1. Which lysines does residue 420 reach when only Cα atoms under 24 Å apart count, and residues fewer than 8 places away in its own chain are ignored?
2. Is the shape of region 130-252 rounded, prolate or oblate, going by the alpha carbon gyration tensor and its root eigenvalues a ≥ b ≥ c, with a/c under 1.5 for rounded and a/b larger than b/c for prolate?
3. About the Cα centre of region 120-480, how large is the charge dipole given +1 on each Lys and Arg Cβ and -1 on each Asp and Glu Cβ? Please answer in debye to the nearest 20.
4. Compactness ratio of region 370-434: Cα Rg over 2.2 N^0.38 Å, N = residue count?
5. P(r) of region 181-300 in 10 Å steps, Cα pairs, percent per bin?
6. Along the positive direction of the dipole of region 120-480 (beta-carbon charges: Lys, Arg +1; Asp, Glu -1; about the Cα centre), which of 265, 230, 277 reaches farthest?
7. Bin width 10 Å, alpha-carbon pairs only: give the P(r) of region 297-431 as whole percents, running from 0 to the bin holding the largest distance.
8. Given N residues in region 244-304, what is its alpha carbon radius of gyration divided by 2.2 N^0.38 Å?
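Please treat every number below as a calculation from the coordinates, not as lab data. Bear in mind the structure is a predicted one, so any value in this text is a computation, not a measurement. All Cβ positions, even for glycine, are placed from backbone atoms using ideal geometry, and neighbour counts span all protein chains on display.
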Amino acid sequence: SRPSSLVEYREEVGMDSYRMRRTGLGCRPVAGTMMVVVSMIAMASRLGWTLEGASPALQSSVQTSARAINRGVLRSQHHARSSVRRQLTRDCFASVDSSLATSTIPAAAAAAAASAEPVNFPQLKNDLLLRAARGQATERVPVWIHRQAGRYLPEFRSIAEKHGYMKCFNTPEIAADLTVQPVHKYAMDAAILFSDILVLLPLMGVEWQISAGVEPFAVNAIKTGDDVESTLVDADTVDIHDKLGYVLESVKLTRHKLEGKAPLIGFSGAPWTLLTYTMHTAESNGRENALEFIKKYPEAATKILDNATKLVVKYLIAKVEAGAQMLQVFDSWAGILSKDDFDTFSKPYLLKIAKEVKAGIKAKGLDPVPMTVFPRGCGHSLSDFEDSEYDVVSLDENVDPKEAREALPSKTLQGNFRGKFIYDGEDTIRKEASEMVERFGTQKYIANFGYAVEKEHSPENIGIFVDEIRSSSQRINTETQ
């Protein structure tokens, strides 16, 4: 019953536990990430896969290890007695240990980690988004849309329905394919990695599930201050590359699949938004629970937010290491907070993230990348981000462009088309999109929605929106020259 693909094999190995679950492998725990990588490659070799692009030395080391694993697997499968299978498996791993001890894999990994920038990515051919984010002149307004890789696209649905939502973002090859779909379809000026903000929850100690038609919910939701002490995992002990390696691999694969047609945005949920999801259950709303929690247990809430901030910082830096060319922090539920509570439970952590991520990127010798913050529903506090380390502030649909320019004179603005107009047909879409560009201006501006694409939106109408942003901004630029 061997897996039909490397994807299925990885699921059986288990990304978090590193435990062999196949009976034929004796259910022996696997010690270390390198062993998992080699064992996965061994299965790939049994399926006829190759290490395309690897150096001869690396290929030789991996193939030696793969043969050792294959011998152990094949021999163990001929013995019914579990004790014999376990012994043969131990022999197999001992052979692999010996191979790894003399291989060039550690040296290769160290060299890659020491590199200031990932190598062999296709050259970026469209840097419009990055120039706009940095406040540089652009010949037209760059455009992309939150959740542009989504269920409104028939090609997305065909893949998602086949594999299921969680498998799609847990599987680098699938996640990369979904990420590039809207870039290929609409020539978007950015790709945003297909993933989920909730991938950080298990690293905080909170497991989550999602079912068709149901909002994601926490399995072991935090409900009291005592739950924080018993549940929360110390962020200082978390290895992002270990726990979320599949996300980082998605970043790398996507960079290659994009072929330089658009820069890749890596993102994270903000600490406050993550907190709301740690309290969202199948029976009760996490946003309401979170508002009640900060009143009853403010110190415990602060502990969650401090911890989440550390995780977000590490996560975003790791994404840049993997190849992300821009970053965005989504505080999707900041708007449920009062102004005073926003100043206490959201804003300080958003500001800290930008400062520490940029410092961390610099410390690692990586090229700086622009950062965007999206404090959805917090138009009352936009001026608080004028002196922040963020380059771009994304605006929800209720923010007036003129007021935003006055509050954020040095920042690039992003947003804030009302998604409801997509339902109204071509004439309305073109009128509203053109007027939006005129209100924001064509410089230091990135066109986007005030929130996100909805699954009921027409793909054709999304294309009309994108086309109008391009044509109207080019026209305005030409007229003002």
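1. Cross-link targets: 185, 402, 431, 455.
2. Taking the square roots of the gyration eigenvalues as a ≥ b ≥ c, region 130-252 is prolate.
3. Numbers: 43 positive and 53 negative charges, 174 e Å.
That gives region 120-480 a dipole magnitude of about 840 debye.
4. Working: Rg = 13.1 Å, N = 65, 2.2 N^0.38 = 10.7 Å.
For region 370-434, the normalised Cα radius of gyration comes out at 1.22.
5. Histogramming region 181-300 at 10 Å steps yields 12, 36, 28, 18, 6, 0 percent.
6. Of the options given, the answer is 265.
7. Final binned percentages: 11, 37, 32, 16, 4, 0.
8. On the way: Rg = 17.4 Å, N = 61, 2.2 N^0.38 = 10.5 Å.
The value comes to 1.66.
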